[in-house]
């Protein structure tokens, strides 16, 4: 990794930093919480940081404000899909997280799974469906229970489960409310874990796994961001060899997409054979009080402020300039 920011890190070298948060996606509320946390942490460490909401201010104003780096705390479409990254490339402002292509690929669940499949990385069976008839065909081909997901959404928005064939139309309709593209994916019975990743692709490191135990196995929007009933186990309690294998898989999935800076891979461990299966990659992970990357970072010896500095120190343009 390029830097290990600590108490003596030269924050002046970072210059003026804009924390991009809010935005116009369906995840605006979560992004506002993430951005407020990051902004407070950077200012606490002496960084010349300002908050910037692209839904309220044109991105072109960043140059006039003298911004030299951007910390992207936007989630979902318009902030995590390569759009903002492309604007920052044109403005010549180094930014956190992956570049334009990797960001666009990672937010598209269908393209993500296709790339993982091409690299021989395990992921649950799926189909891209555009109507109820296709959803029913997918259920017949893949089997039930099944999860329907909005292809370009995160934070479990547009997520619905069908346990019986009669439930498929309603589950498809729920996902389709958020996106014209819907992913029909086999529901995996087992344990859910997440793996945070930091650094450039070749030298990235995986942080300790977090095992997630949501009430009734329902890790929805409420249980992800607001509920105190969801349990997060870090250390995960998994056997050391199994944890290392899952971390290696997460790193492979990160590199397959061309990610850099930071990310978080979500994985299911199938109960029947302990096979880990990749679900998705988050390239602008949440930084709220319930978020998982800060939790994993603490287990690795990085507090919230140090994590923010580390991610910011790795900001760059696609061409590598900082």
Next item on the list: Only one of these is over 14 Å from residue 284 (Cβ atoms) and either buried (at least 19 other Cβ atoms within 10 Å of the Cβ) or modelled with pLDDT of 95 or more (or both): 32, 42, 88, 107. Name it.
Entry: 42
Margin query: If a residue must be touching a residue at least 12 places away in the same chain (Cβ under 8 Å) and more than 22 Å from residue 119 (Cβ to Cβ), how many such residues does segment 231-261 contain?
Written below: 8
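How many residues, within segment 149-177, are in contact with a strand residue (DSSP E or B) (Cβ under 6 Å, 6 or more places away or on another chain) and more than 18 Å from residue 282 (Cα to Cα)? Walk me through how you get there before you give the answer.
Our first condition is that a residue be in contact with a strand residue (DSSP E or B) (Cβ under 6 Å, 6 or more places away or on another chain); within segment 149-177, this holds for 149, 151, 158-162, 168, 171-172, 174-176.
Adding the requirement that they be more than 18 Å from residue 282 (Cα to Cα) leaves 160-162, 168, 171-172, 174-176.
Result for segment 149-177: 9.
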Next item on the list: Go through the residues of segment 295-303 one by one and say whether even a single one is in a helix (DSSP H, G or I), farther than 17 Å from residue 69 by Cβ, touching a helix residue (DSSP H, G or I) at 6+ places or on another chain (Cβ under 8 Å) and in the same structural domain as residue 192 (by TED's automatic domain parsing).
Entry: yes
Margin query: Show me the helices (runs of 4 or more DSSP H) entirely contained within segment 27-144 in which 2 or more residues are outside the structural domain of residue 176 (by TED's automatic domain parsing) and either farther than 22 Å from residue 263 by Cβ or in contact with a strand residue (DSSP E or B) (Cβ under 8 Å, 6 or more places away or on another chain) (or both).
Written below: 28-44, 61-64, 83-91, 109-118
Next item on the list: Could you identify the single residue in 163, 179 that is without any contact (Cβ under 8 Å) to a residue 40 or more places away in the chain and under 21 Å from the mean Cα position of the chain (by Cα)?
Entry: 179
Notebook entry, point to check: For residue 322, are the conditions met, namely being surrounded by fewer than 17 Cβ atoms within 10 Å (Cβ to Cβ) and either in the same structural domain as residue 243 (by TED's automatic domain parsing) or in a helix (DSSP H, G or I) (or both)?
Noted result: no
Margin query: For the condition surrounded by fewer than 23 Cβ atoms within 10 Å (Cβ to Cβ) and within 20 Å of residue 107 (Cβ to Cβ), what is the one hit in 20, 59?
Written below: 59
Margin query: So for segment 262-272 (the condition being surrounded by fewer than 20 Cβ atoms within 10 Å (Cβ to Cβ) and without any contact (Cβ under 8 Å) to a residue 60 or more places away in the chain), does at least one residue qualify?
Written below: no
Next item on the list: Check residue 68 against each of (1) touching a helix residue (DSSP H, G or I) at 6+ places or on another chain (Cβ under 8 Å); (2) over 30 Å from residue 139 (Cα atoms); (3) surrounded by fewer than 22 Cβ atoms within 10 Å (Cβ to Cβ); (4) in contact (Cβ under 8 Å) with a residue 60 or more places away in the chain and name the one condition it does not meet.
Entry: (4)
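Name the residue that is nearest to residue 266 (Cα to Cα), counting only residues in segment 110-143 that are more than 25 Å from the chain's Cα centre (by Cα) and buried (at least 16 other Cβ atoms within 10 Å of the Cβ).
Looking at the filtered set, the residue picked out is 142.
The values are calculated or read from the model by the stated rules, or taken from the named source; none is laboratory data. Predicted model only: the values in this text are computed from it and were never measured. Neighbour counts are summed over all protein chains in view; Cβ atoms, including those assigned to glycine, are modelled from backbone coordinates with ideal geometry.
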